[in-house]
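The values are calculated or read from the model by the stated rules, or taken from the named source; none is laboratory data. Not measured: the values here are computed from a predicted model. When we count neighbours, we look across all protein chains shown, and the Cβ atoms used for this are built from the backbone with ideal geometry, even at glycine.
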């Protein structure tokens with residue numbers, strides 16, 4: 001995808017190149033099972049027909065292998081979850097936004113006490129998708145339509161509650177569509193270092209903007225996790241935008257599946273962050289992540305040229321956010337900063353650094369299985385180049401591997417961050433083995449108690465560490 005920078009220079013930028021591996025692929029899987037259920041209902045007794053209609057009991061008791069296959073094969077996941085009653089019905093040939101598992105899961109959860117409005121919501125979604133509606137305006141549903149959809153008489157209180165739920169979910173759908181309205185943010189990564197100018201060329205990443213016309217005046221910038229794209233924070237970002245009404249700018253990584261890096265940028269990132277396979281003497285220093293930090297600095301300046309904002313980040317994006325809060329040009333613009341499970345906070349696996357990326361997923365597998373409902377609300381992304389392992393995949397992957405392999409060396413600067421008048425919140429999980437949350441919480445709490453080294457910030461500034469055990 002070409003991009004003209006306004007000076008006659010045309011450079012390539014990234015393109016949307018990531019799939020949600022849990023998204024129900026529109027291959028007719030759900031529709032085929034629906035036809036099978038409908039046919040069986042006509043020939044079986046009422047009790048069995050009811051089981052088929054309810055699906056969850058029928059599937060778990062009759063087709064346990066189908067349930068197991070759904071967790072193993074991404075192309076079946078959406079359909080099986082829908083048939084088990086964990087998700088609302090999907091919209092055939094609908095957009096990625098309207099059929100996304102996080103959105104459907106959230107709608108299913110919010111309508112659990114008013115289940116009779118689900119059919120109304122599905123009809124509205126289907127109508128909007130059929131006409132290719134990309135308008136972000138919400139047509140609010142009135143009490144007369146709610147009553148017409150209910151087989152039972154309702155009190156005014158019941159009707160008002162159902163109206164609130166329906167209109168909230170229509171708003172969620174609108175915001176989710178904004179999330180999937182991806183754009184690219186190409187910026188020149190150029191900065192001074194050790195008395196010389198470093199020019200890594202024009203690099204880009206995928207960007208989404210929620211509540212584009214917000215009037216609250218309280219924008220939030222969200223930096224995605226390592227190699228992440230905006231869709232990967234759907235569940236959190238959409239919920240935040242829904243509750244606050246604030247403008248939310250989500251910035252992906254240039255080494256994400258939908259980003260673009262020059263060779264100069266990629267080489268600089270790898271040279272800075274990639275630890276050796278074996279570090280017997282523990283000589284490897286924590287990476288600076290300067291190329292990525294400078295990219296985000298320029299991206300934020302381009303997308304939000306002036307004014308204050310709140311800075312949020314997740315996992316690997318937290319390292320760059322921490323660096324930005326140590327940059328005088330940026331911290332004066334940030335009112336509050338929130339770090340969700342930030343990486344680069346604990347030193348671990350330093351003897352065999354490259355083993356870190358392989359050992360941690362195995363150690364976390366058990367806890368992830370226990371937390372399946374929340375995992376389902378995540379948006380796991382798959383680079384479309386990955387199955388074929390083509391040249392484009394390996395070019396991106398070497399940067400991602402370096403960034404993540406160097407992220408388990410504790411970064412300097414966690415206790416010197418500044419914001420302008422607000423708070424810094426570090427939200428770390430005690431069982432988050434990927435970043436060593438428990439160790440970091442202990443480190444920061446002892447640092448906050450150390451009166452001999454006061455934090456370099458005004459009295460209005462404070463830091464909160466929330467260890468989740």
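Okay, residues lined up against (1) part of a loop (DSSP other than H, G, I, E, B); (2) at pLDDT below 95; (3) touching a strand residue (DSSP E or B) at 6+ places or on another chain (Cβ under 8 Å):
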residue: 287; (1), (2), (3): yes, yes, no
residue: 297; (1), (2), (3): no, no, no
residue: 305; (1), (2), (3): yes, no, no
residue: 320; (1), (2), (3): no, no, yes
residue: 323; (1), (2), (3): no, no, no
residue: 339; (1), (2), (3): no, yes, yes
residue: 345; (1), (2), (3): yes, yes, yes
residue: 355; (1), (2), (3): no, yes, no
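Taking the condition under 30 Å from residue 385 (Cα atoms), assigned to a helix (DSSP H, G or I) and over 17 Å from the mean Cα position of the chain (by Cα), does residue 237 pass?
Working: under 30 Å from residue 385 (Cα atoms): yes; assigned to a helix (DSSP H, G or I): yes; over 17 Å from the mean Cα position of the chain (by Cα): no.
When the stated conditions are applied, residue 237 does not pass them.
For the stretch 185-197, what are the residues that are out of contact with any helix residue (DSSP H, G or I) (no Cβ under 8 Å at 6 or more places or on another chain) and crowded, with 19+ Cβ neighbours inside 10 Å?
186
Does residue 187 satisfy the condition of being touching a strand residue (DSSP E or B) at 6+ places or on another chain (Cβ under 8 Å), at pLDDT 95 or above and under 21 Å from residue 15 (Cα atoms)? Outline the logic, then answer.
On the way: touching a strand residue (DSSP E or B) at 6+ places or on another chain (Cβ under 8 Å): yes; at pLDDT 95 or above: yes; under 21 Å from residue 15 (Cα atoms): yes.
The answer is yes for residue 187.
Taking the criterion of being in contact with a strand residue (DSSP E or B) (Cβ under 7 Å, 6 or more places away or on another chain), modelled with pLDDT of 80 or more and either under 23 Å from residue 268 (Cα atoms) or in a loop (DSSP other than H, G, I, E, B) (or both), would at least one residue in the stretch 429-443 satisfy it?
No, the stretch 429-443 contains no residue that is in contact with a strand residue (DSSP E or B) (Cβ under 7 Å, 6 or more places away or on another chain), modelled with pLDDT of 80 or more and either under 23 Å from residue 268 (Cα atoms) or in a loop (DSSP other than H, G, I, E, B) (or both).
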